[in-house]
Structure formats: structure tokens, C-alpha cells
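Everything below concerns the one structure shown next.
Bear in mind that the values in this text are calculations on the coordinates, not laboratory data. As the structure is a computational prediction, the values presented were derived from the model and not from experiment. As a convention, Cβ positions derive from the backbone with ideal geometry for all residues, glycine included, and neighbour counts pool all protein chains shown.
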Amino acid sequence: MPESKFLFDSFALLRFFQKEPGGEKVRVLLEKCRSTESPPLLNAINLGELIYIVQRRFGTGKKLEMLAHIHRLDFTILPCPNELIFRAAELKARYPISYADAFALASAVEHGAAVVTGDPEFRQVEHLVKVIWI
């Protein structure tokens, strides 16, 4: 059965917004989300990561532009209740992934979603969740 839920990490979305290699595959997956009426997922921690990276590299204008684009794409922003924080911390303790990636992973597992990324850290956790490589 093909996956119907996609959780995008900051790596994938940065590639998409900056029109870098892999960005076209992200666009196709976002279109699939729209056509299947399954909104794309983004963890709030990963959204924060996107905000600070874009702000630092490109300034406030680009940050606001990116946030407007995320809104237009109808992303569901997943909150970080304590249970998710604890799961992400456990994943971070067990696997050599960044703390932000641990939140993406924990959210993908919780929602039965495939992680869309190009971040090689996710190779360590492919046995836990479906990874769609860009």
C-alpha cells in the first residue's frame, strides 16, 4: 500500500524553497498531498529550525515569504506535547541523529507518515520509519 502521509523535514523543505537538487521531488510529493487531500506534515520543532536557518541566511523578508508559502501549502503543523518530547529524547539517546531530526522521526512514527528528507542521519533509523529520499 503506498504511503498517504508525508512528513517533511527541514532538509527537504530548504531544498524545495531554494530550488536546489531534490526540490523538484519535494514539489511532486506536495502535489500528491494536495491531490489525495492528505495535508503535508511538519513538526513544530522543524518549523522552528526552518525559521532560524532562513532568517540567519537570508533575512526577515525571506523568512516571512517561506512562512507564507508553508501556509499556502496547507501544512499541518504538529505540536510538541510532553509525550512527543520524551519519545524524541529517547530516539536521540539511541541513535546518532540531531535533536530536531528526533522530533521529525517521533512525529512520523506517531502519525504513520513517511519522512521526506535527504539528510543522511535518517539512514540510521530507516528500520523505524519509511524514508523517502530526495
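Lys/Arg Cβ at +1, Asp/Glu Cβ at -1, dipole of the chain taken about the Cα centre: which of Leu7, Val26, Ala106 is farthest positive-ward?
So the residue furthest toward the plus end is Val26.
Per residue of region 100-111, what does 6.51 cos²θ - 1.76 cosθ + 1.60 with θ = phi - 60° give for ³J(HN,Hα)? Whole Hz please, x for Gly and Pro, Karplus curve as stated.
Taking θ as phi minus 60°, the curve returns 5, 5, 4, 5, 4, 4, 4, 5, 4, 4, 4, 9 Hz for region 100-111.
Listed here are the pairs Lys32/Lys130; Lys5/Lys25; Lys63/Lys92; Lys5/Lys62; Lys25/Lys62; Lys92/Lys130; which of them are more than 24 Å apart at the Cα? Walk me through the numbers before you get to the answer.
On the way: Lys32/Lys130 17 Å; Lys5/Lys25 15 Å; Lys63/Lys92 28 Å; Lys5/Lys62 28 Å; Lys25/Lys62 22 Å; Lys92/Lys130 18 Å.
Over 24 Å Cα-Cα: Lys63/Lys92; Lys5/Lys62.
What's the ranking of 112-119, 90-97, 38-45, 25-32 by average number of surrounding C-beta atoms within 10 Å, highest first? Provide the component values of the computation, followed by the final result.
Working: 112-119: 22.4, 90-97: 14.2, 38-45: 20.6, 25-32: 16.4.
In descending order of packing, they fall as 112-119, 38-45, 25-32, 90-97.
Treating only the Cβ of Lys, Arg, Asp and Glu as charged (+1, +1, -1, -1), what charge dipole size does the chain show about its Cα centre? Round to the nearest 20 debye.
Working: 17 positive and 16 negative charges, 72 e Å.
Roughly 340 debye, rounded to the nearest 20.
Can you compute log10 of I(q)/I(0) for region 6-133 with the Debye formula, treating each Cα as one identical point scatterer, at q = 0.11, 0.15, 0.23 Å⁻¹?
Here log10 of I(q) over I(0) equals -0.34, -0.66, -1.50.
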